[in-house]
Amino acid sequence: MPQDIIASFEVLRLGILDDNGNIDETLMPSLSDLEIGRMYEAMVLARTFDERAVALQREGRLGTYPQISGQEAAQVGSAFAIAATDWIFPSFREMGVQLTLGYPAAQLLQYWTGDERGQLGPQRLNIFPLCVAVGSQIPQAVGAALAARYRRDPIAVVAYFGDGATSKGDFHEAFNMAGVFRLPVVFICQNNQWAISVPLKNQTASASLAQKAIGYGFPGIQVDGNDVFAVYSAARQALDKARSGAGPTFIECLTYRMADHTTADDAGRYRSPEEVNLWRTRDPIVRLQRFLTARGLWSEQSGKEVKARAIGIIDAAVQEMEAIAPPAAAELFTGTRKTLSPRQAEQRKGR
Amino acid sequence: MAQLNMVQAINQALGEEMERDDRVVLLGEDVGRDGGVFRVTEGLQERFGAERVLDTPLSESAIMGAAIGMAAYGLRPVAEIQFLGFIYSAFEQLAAHAARLRSRSRGRYSCPLVVRTPYGAGIKAPELHEESAESIFCQIPGLKVVVPSGPYSAKGLLLASLRDPDPVLFLEPTRLYRLLREEVPEGEYLLELGRAKVARAGKAVTVIAWGSMLERVLKSVAAYDAEVIDLLTLNPFDVEAVLTSVKKTGRAVIVHEAAKTCGLGAEIAATIAEEAMLYLRAPVLRVTAPDAPVPLAKLMDYYLPSTQQIQAAVAEVLKY
Ligand SMILES: Cc1ncc(C[n+]2csc(CCOP(=O)(O)OP(=O)(O)O)c2C)c(N)n1
Ligand SMILES: [Mg+2]
C-alpha cells in the first residue's frame with residue numbers, strides 16, 4: 001500500500017474525585033479512612049506552610065518565595081505513592097512534596113530566607129537539592145534511574161517539573177533517553193497552566209502535555225491534578241511499573257497556580273480575575289473536604305483541629321528557623337570542593 | 001532632558017530603535033505581555049505588536065538559535081535571556097554558532113544579534129539569578145561583551161550594540177537597574193563599543209571596574225587621588241585607555257564581582273604586565289569575589305568586593 005497509517009494513539013485522562021466531592025468507586029484506589037485523613041492533613045500542612053511563607057516574605061523575614069497553593073493535591077497525592085528508597089528530583093515549587101516526605105519545614109523556610117544550608121536535607125531522604133534552572137533536573141533523574149538499574153535496586157526515580165519545563169531541550173533529551181533505555185523513572189509534570197506570564201497555549205501547540213511521551217515511546221497520562229485520588233492512583237501505578245522494570249511513565253497533573261508566580265510577581269498584569277476565581281472553586285483541599293464530609297469524616301470542628309495542628313507545626317518551624325545563627329563567611333566555601341584549592345583555602349581564612 | 005533610571009533608559013533605547021528600524025524584533029520569556037520580569041520591555045508589545053515583541057516558550061536554546069536564523073535572514077533580533085544564569089543551555093548556539101557564523105561562512109552570513117540579559121549580584125534573588133560569569137563569554141573571539149554602568153551609558157551602548165554588525169552580549173547589572181538616575185537625552189547618541197571612559201580623573205593610582213562595581217569603586221576612592229576607568233566594553237576592552245592611565249599613575253587595581261581565578265582581571269593584569277611593566281611602581285592588585293559559587297542573600301555581603309577591600313587595595317599599592 002502506498003499510503004498507510006503507521007501510528008495512532010490515545011491519551012488517557014484520569015479523574016476520580018469530582019468538584020462536588022463524589023468519587024468514581026470503580027477507579028478509587030484502595031486507601032483506608034486513616035490514610036485519606038493523613039493525605040488531608042498533609043495538604044492542609046502544605047497550604048499552611050505556603051500561607052506562612054508568604055506572610056513572612058511580606059514582613060521581610062523571608063526572601064522571594066514561589067507559592068504552591070492550588071497544587072497541594074498534585075504534590076501530596078504523588079508524594080504519598082513514593083517509597084522511602086525512591087529518589088526524588090524536585091523543581092523549586094515542590095514544598096508540598098518535600099513536607100509530605102518528611103523534609104523539615106524549618107529547613108525549607110531557612111532555604112527561602114536565602115540560606116543555602118536549608119538544602120542539606122536529612123540523610124534518610126533521597127531528595128536532590130531543589131532545582132532553580134527550569135527543567136535541568138530531568139536528565140539527572142534519568143541518570144539516577146540508569147544507576148539504580150545498574151545496581152539492580154528495585155527503586156523508582158521521580159522527576160518533578162512544570163509545564164514551562166516541557167519546552168526545554170533537557171526535557172526532550174531526558175524523555176528520549178528514558179524511552180530508549182526503558183528506565184525506572186516517573187516524570188511528574190504539574191501543569192499549572194502558567195510559566196510566569198506565559199499561558200499554556202503559548203507554551204505548546206500540543207493538545208495535551210501527556211501525549212509528548214508517546215513520541216519517545218512510553219505512555220503519558222493526564223490526570224486531574226486537583227484530585228488527590230487520581231494523582232495518587234496514577235503515581236502509584238507508574239511507580240510500581242517502574243520498580244518492576246517495565247519502563248518510564250509521564251504523568252501530567254492538570255492543576256492551577258492560584259497565586260502569583262512568586263512573591264516578586266504580579267499575576268494581575270497578565271491573567272484575569274475570572275480565571276483565578278474559577279479555579280478557586282476547584283480548590284483541591286475543599287474538594288477533598290466535601291468527600292470527607294459526605295463520608296462523615298469531616299466537620300467544621302475537625303477541620304479547625306487539623307488546621308490548628310498544622311499552624312502549630314509551622315509556628316514551631318518558624319521559631320526553630322529564626323533561632324538559627326546566620327551563616328559565617330567561611331560557609332561560602334562549603335562544598336565548593338571536597339578539598340579546597342590552596343587559593344580557596346587562603347580566601348576562606350579571610351582575605 | 002529627563003532623569004531616567006537604567007530600566008527606563010534601556011526601554012527608551014529599544015523603543016527608539018524599533019521606531020527607526022523595522023528589522024528590530026524582540027524575543028524572550030515574559031518580554032511581551034508582562035513587559036519583562038524587570039519591566040525593561042514594558043509597553044513595547046502594546047506599541048509595536050506581538051509580532052515584534054515575541055513571548056517565547058521557555059526555551060533558551062531555541063531563543064538563541066532562532067535569533068541567529070533571524071539575524072542571518074536580515075532582521076536585527078534582540079534576544080532576552082531572563083537571567084545570565086539561565087544562558088547555559090543556549091551556550092552552544094551562542095559560542096558555536098552566533099560568534100562563528102561570519103567566520104564559518106567566510107563572510108557570506110553574519111549575525112547582528114544583541115543578547116540582553118540581567119547580570120550580577122546584590123538583589124536578594126534566588127539561586128542563579130545573580131551570576132557574573134562575564135569572563136566565560138570574553139573567551140569567545142567572535143562575540144562582543146558590553147556592560148553599562150548607569151542609565152546614560154546603558155542607552156548609548158545599547159544603541160551602538162543594536163547597530164553593530166556582529167553579535168553582542170549586553171549584560172545589564174541588576175543592582176543598578178533602579179539605583180541610579182541620570183540625565184538621558186532623548187533621541188540618538190551612540191557610545192562606541194570598545195571604548196572605556198575615565199569616570200574620575202586622578203594621578204596616583206588607576207582603578208579599573210565595570211558594571212555595578214563602578215558605583216562602589218567611585219564611592220570607595222573618594223579620599224584618594226585615584227583615576228577610575230569604567231571599562232564599558234569587556235571584549236574587546238580598551239587597552240589603550242588602560243595603558244595610558246597606568247603609565248601615568250604607575251599603579252593599578254582591578255575590581256570585579258566575579259570569582260578571582262580566570263576572571264577578566266587576570267587578562268587586564270597580564271596586558272598591563274606585557275605592555276607597561278616598566279611604568280609600574282607597585283604590583284597590580286585584584287579585588288574580586290572569592291572562588292566560590294555566587295551565594296544566596298545571607299552570605300552575599302561576604303561575597304561581593306566591599307568598600308573596605310577596595311580601599312585596602314588602593315592603600316596597599318600607594319605604599320610603594
Ligand atoms: C532555564 C530557566 N529559564 C528561566 C527561568 C526563570 N523562570 C523561573 S520559573 C519560570 C517559569 C517556569 O514555569 P513552569 O515550568 O511551568 O513552572 P512553574 O513556575 O509554573 O511551577 C521561569 C521562566 C529559570 N528559572 N530557568
Ligand atoms: Mg507552570
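Some notes on this structure:
- For region A:15-40, a residue qualifies if it is part of a loop (DSSP other than H, G, I, E, B) and open to solvent by 80 Å² or more (accessible area, probe 1.4 Å), and the qualifying residues are A:N20, A:N22, A:E25, A:T26, A:S30.
- Output for region A:119-131, where each listed residue is away from ligand 2 (no atom under 15 Å from the Cβ) and either open to solvent by less than 40 Å² (accessible area, probe 1.4 Å) or under 26 Å from B:I87 (Cα atoms) (or both): A:Q119, A:G121, A:P122, A:L125, A:I127, A:F128, A:P129, A:L130
- Any hit, region B:139-146, residues being more than 16 Å from ligand 1 (Cβ to nearest atom), on the phi < 0 side of the Ramachandran plot, within 14 Å of chain A (Cβ to nearest Cβ) and part of a loop (DSSP other than H, G, I, E, B): no
- If you check B:T174, B:T206 for being without any contact (Cβ under 8 Å) to a residue 60 or more places away in the chain and among the hydroxyl-bearing types (S, T, Y), only one passes: B:T206.
- A single member of A:T113, A:T64, A:T48, A:T85 is of a type in the set (S, T, Y) and in contact with a Ser or Thr (Cβ under 9 Å, 6 or more places away or on another chain), and it is A:T64.
- Answer residue from region B:240-258, given it is open to solvent by 10 Å² or more (accessible area, probe 1.4 Å) and more than 16 Å from B:A209 (Cβ to Cβ) and is nearest to the chain's Cα centre (by Cα) among those: B:E240
- Selected residue [part of a helix (DSSP H, G or I), within 14 Å of chain A (Cβ to nearest Cβ) and aliphatic (A, V, I, L, M)] from B:A50, B:A13, B:A62: B:A62
- Within region B:77-95, residues that are facing another protein chain (nearest Cβ under 10 Å) and touching a residue at least 24 places away in the same chain (Cβ under 8 Å) have Cβ atoms under 6 Å from residues that are of a type in the set (D, E) and part of a loop (DSSP other than H, G, I, E, B) in these pairs: B:Q82/B:E29; B:G85/B:E131, counting only partners at least 6 apart in sequence or on another chain.
- If only residues of region B:40-99 that are surrounded by 19 or more Cβ atoms within 10 Å (Cβ to Cβ) and among the acidic types (D, E) are counted, the one that is nearest to ligand 1 (Cβ to nearest atom) is B:E60.
- Helices (runs of 4 or more DSSP H) wholly inside region A:259-351 that include at least 1 residues being in contact (Cβ under 8 Å) with a residue 60 or more places away in the chain and under 30 Å from B:L299 (Cα atoms): A:300-322
- When B:E172 is tested against (1) surrounded by fewer than 19 Cβ atoms within 10 Å (Cβ to Cβ); (2) among the acidic types (D, E); (3) assigned by TED's automatic domain parsing to the domain that holds B:Q82, only condition (1) is not met.
- Region A:193-207, residues that are within 16 Å of A:K168 (Cβ to Cβ), open to solvent by less than 40 Å² (accessible area, probe 1.4 Å) and more than 8 Å from ligand 1 (Cβ to nearest atom): A:T204, A:S206
- Within region B:186-208, the presence of a residue that is in contact with a helix residue (DSSP H, G or I) (Cβ under 9 Å, 6 or more places away or on another chain) and within 16 Å of ligand 1 (Cβ to nearest atom) is excluded.
- Selection from region A:150-174 of residues that are away from chain B (no Cβ under 14 Å) and either under 17 Å from B:Y88 (Cα atoms) or surrounded by fewer than 19 Cβ atoms within 10 Å (Cβ to Cβ) (or both): A:Y150, A:R151, A:R152, A:D153, A:P154
The values are calculated or read from the model by the stated rules, or taken from the named source; none is laboratory data. Nothing here was measured: the structure is a model prediction, and the numbers come from that model. Positions of Cβ are backbone-derived with ideal geometry, glycine not excepted, and every protein chain shown enters the neighbour counts. For the accessible areas, the whole protein counts, side chains as well, though only heavy atoms, and no ligand, DNA or RNA atoms are used. Shrake-Rupley method; radii C 1.70, N 1.55, O 1.52, S 1.80 Å.
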